[in-house]
Amino acid sequence: MITIFGSGIIGLFIARKLLLNGKKVKIIDLDNNRGNSTDASVGMLAPLIEARPYENNLFNLMIESKKIWDKFLKNKSFIKNTGLKNNSSLMIATNKDEEESILFKKKFVEKLGFFPEILSAKQTIKIEPHLNSNLKCSLFFKKNNQINAHLLKRYLIKDVKKMGADFLFFDQINKISFSSQEIRFNNKKISSEKIIVACGVWSNELLKKSFKVLFPMRPLKGVSMLFKTKKRLFINNIWYRNIYIAPRDNNFLAVGATEDEKGFESFVTLDEIFTLCNSLWEYLPEIEKLQFINTFVGLRSVLSDGNPVIGSLKKNNDIICAFGHFRHGILLAPITAKIVSDIVLDYKINENLTFFSPNRFNL
């Protein structure tokens, strides 16, 4: 038995991978777990757009995970149930500064071995005629697509339950102990070979109280919005300087996302709604025709070096960490699941992937 603390996308992907490899899995989480990162995720699968200078290891991890995502495009049932799109992304420039930024991005991505295409304003409008005509140009990233995170979570829960996963939910979990392949918490005992901590922003608190391990990690709050239109506006994902827009099935548009240092605040504030709406007003024509559906809030876990923690703790190799994915949680879920599964099954881990081990913090 393998016990996973955390029932978000990362935890569910890990559970699925372990079940496929013949392991029994128990998933433990809180009943009232509000503000998890999945809630506000727009589900972009765009490693080339997310690529940043001096993040080569993270970029390579994103590319490897994207390869796994692309295999799901062959699964019609998966596509239907998760809203996985086989579309692309356009990064839009609306002024001279943004145009220069796009040119820099193109040169940077080319150094990584990928070659996105610069499109003129006319070419961009031809592809996406509902964009504002004031744009300067765009950068086209082929097959940098997206998935509906809410549908994905629902699908994974149903899938792992069908495969035999057991779910346990509690009002609170203050502290756990783990020795001799036995977990103790809340007056319960559970036999388990290993523990996987995949609680996102709450992972640090659990590890600190239970094992006196504290990572240099903080929460970043994100808010996204959902709209509906009378007709389909976009085919591709649209990326502006401040926001990104993901076209969903049935004429829905997901818009994200703010990024604020607000601790563990898990409610939406008026200034966050204003920030997103103001950007939409600036970039899109006829915003008054968008029907508002809902807002979502999520807390992303961010390590001091910007990289996720994936691997076993030095003080106990049977405790495996899988958190700190920041804005890349959905994108990195498949590769995280593979690494964790390989650790559990005692397979040899690629040396490049040990970069993300908890040991880099010497805890």
> When the range 294-318 is examined, which residues are found to be farther than 20 Å from N36 by Cα and in contact (Cβ under 8 Å) with a residue 12 or more places away in the chain?
Replying inline: D305, G311, S312, L313, K314, K315, N316, D318
>> Among the listed residues L303, L276, L299, identify the single one that is among the hydrophobic types (A, V, I, L, M, F, W, C) and under 25 Å from L233 (Cα atoms).
In response: L276
> Which one is farthest from the chain's Cα centre (by Cα) among residues in the range 158-189 that are surrounded by 17 or more Cβ atoms within 10 Å (Cβ to Cβ) and among the aliphatic types (A, V, I, L, M)?
Replying inline: I183
> So how many residues does the range 17-30 have that are surrounded by 21 or more Cβ atoms within 10 Å (Cβ to Cβ) and in a helix (DSSP H, G or I)?
Replying inline: 2
> Quick one: what pairs do we get from the range 184-212, first residue in contact (Cβ under 8 Å) with a residue 40 or more places away in the chain and over 14 Å from G11 (Cβ atoms), second in a helix (DSSP H, G or I) and among the hydrophobic types (A, V, I, L, M, F, W, C), C-beta under 9 Å, 6+ apart or different chains?
Replying inline: E193/V344
> Pick from the range 233-273 the residues that are touching a residue at least 60 places away in the same chain (Cβ under 8 Å) and within 15 Å of L84 (Cα to Cα): which of them is surrounded by the fewest Cβ atoms within 10 Å (Cβ to Cβ)?
Replying inline: D249
>> Tell me whether the range 141-150 contains one or more residues that are in a helix (DSSP H, G or I) and either modelled with pLDDT under 95 or under 24 Å from the mean Cα position of the chain (by Cα) (or both).
In response: yes
> Just to be sure, is K314 of a type outside the set (A, V, I, L, M, F, W, C), at pLDDT below 95 and touching a helix residue (DSSP H, G or I) at 6+ places or on another chain (Cβ under 7 Å)?
Replying inline: yes
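The values are calculated or read from the model by the stated rules, or taken from the named source; none is laboratory data. Because the structure is a prediction, the values reported are computed rather than measured. Methodologically, a virtual Cβ is constructed for each residue, glycine included, from the backbone with ideal geometry; neighbour enumeration extends over all protein chains shown.
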